[in-house]
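*Asks:* Sharing a structure here in structure tokens format.
The values are calculated or read from the model by the stated rules, or taken from the named source; none is laboratory data. Quick caveat: nothing in here was measured; it's all calculated off a predicted structure. FYI the Cβ positions are ideal-geometry reconstructions off the backbone, even for glycines, and counts take in every protein chain you see. Side chains included, ligands, DNA and RNA excluded: accessible areas come from the protein's heavy atoms. Shrake-Rupley method; radii C 1.70, N 1.55, O 1.52, S 1.80 Å.
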Amino acid sequence: MTPWVLRLLFANIGAYFVQLTMPALTDQLAFIPAFAIREPWTIVTYMFLHGGLSHILFNMLTLWMFGTELERMWGSQYFAKYYFVAGVGAGLTQVVASFVPIDLFQSMYVTPTVGASGAIYGLLLAYAVYFPRRQMLFWGLFPIEVRYFVL
């Protein structure tokens, strides 16, 4: 296990247990584009909150599976920067998307967002760029190249 993957696992799991004991904290730390200027810290804090057990389990499994190799390849400092830029970038993408004049997108402007999924998808994208033809087992059964899995 690499240093930043381990730190992120502990931080996310720790935050999840805090969420379970103090549910009101989720409302204060979730990212809502409408409040991004008033509550700028939420563009980072939302990445450590999760909407349920399966949400955190799949995010942390993906972080461990793909992040470990990327951190070994890039080094810890670059990996940490990339992870946070991907997560913040996902939040900013949500802000931009919320201005698309379609009801589905406009509702994102006032909907709370939680989870490390944006940062995790950033890791998946990087992994697919570096190892596009690497085989993995989808659902533990079907061999598939990483580039197709990420799509």
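*Asks:* Return the ratio Rg/(2.2 N^0.38 Å) for segment 29-89, where Rg is computed over Cα atoms only.
*Replies:* 1.28
*Asks:* Okay, next question. If ligands, DNA and RNA are left out, what is the accessible area of Trp74 with a 1.4 Å probe, given in Å² to the nearest 10?
*Replies:* Accessible area, nearest 10 Å²: 50 Å².
*Asks:* For the chain, find the longest principal axis of its Cα atoms and tell me its angle to the long axis of helix 76-97, 0 to 90°, nearest 10.
*Replies:* So the inclination is approximately 50 degrees.
*Asks:* Hey, any idea what % of the chain's accessible area is carbon plus sulfur with a 1.4 Å probe?
*Replies:* 72 percent
*Asks:* Related question: Per DSSP H run of at least 4 residues, take -39500 (n - 2.57); add these up for the chain, divide by its residues and hand me the 222 nm value, nearest 500 deg cm²/dmol.
*Replies:* That calculation yields -18000 deg cm²/dmol at 222 nm.
*Asks:* Can I ask one more? Using the Kirkwood radius over C-alpha pairs as Rh, can you work out the diffusion coefficient of segment 77-150 via Stokes-Einstein at 37 °C, viscosity 0.692 mPa s, in µm² per second?
*Replies:* Reported coefficient: 233 µm²/s.
*Asks:* Run the 1.4 Å probe and let me know the accessible area of Phe58, rounded to the nearest 10 Å².
*Replies:* 140 Å²
*Asks:* Rg and Dmax of segment 14-151 over Cα atoms: what are they, in angstrom?
*Replies:* 16.1, 47
*Asks:* Could you sort the peptides 13-24, 44-55 by per-residue average Cβ neighbour count (10 Å cutoff), highest mean leading?
*Replies:* Highest to lowest by the protection proxy: 44-55, 13-24.
*Asks:* Just the Kirkwood number for segment 25-64, please: inverse of mean 1/r across all distinct Cα pairs, in Å, one decimal.
*Replies:* Here the Kirkwood hydrodynamic radius works out to 11.0 Å.
*Asks:* Also: Heavy-atom accessible area per residue, segment 1-128, 1.4 Å probe: how many Å²?
*Replies:* Accessible area per residue, segment 1-128: 54 Å².
*Asks:* When the label point is put 7 Å from the Cα of Leu20 along its Cα-to-beta-carbon vector, which residues of segment 26-68 have a backbone N closer than 18 Å?
*Replies:* Backbone N within reach: 26-27, 48-61.
*Asks:* Could you tell me which of Ser117, Phe31, Trp139 has its Cα farthest along the dipole of the chain towards the positive end, charges placed at Cβ (Lys, Arg +1; Asp, Glu -1), taken about the Cα centre?
*Replies:* My answer, from the dipole projection, is Trp139.
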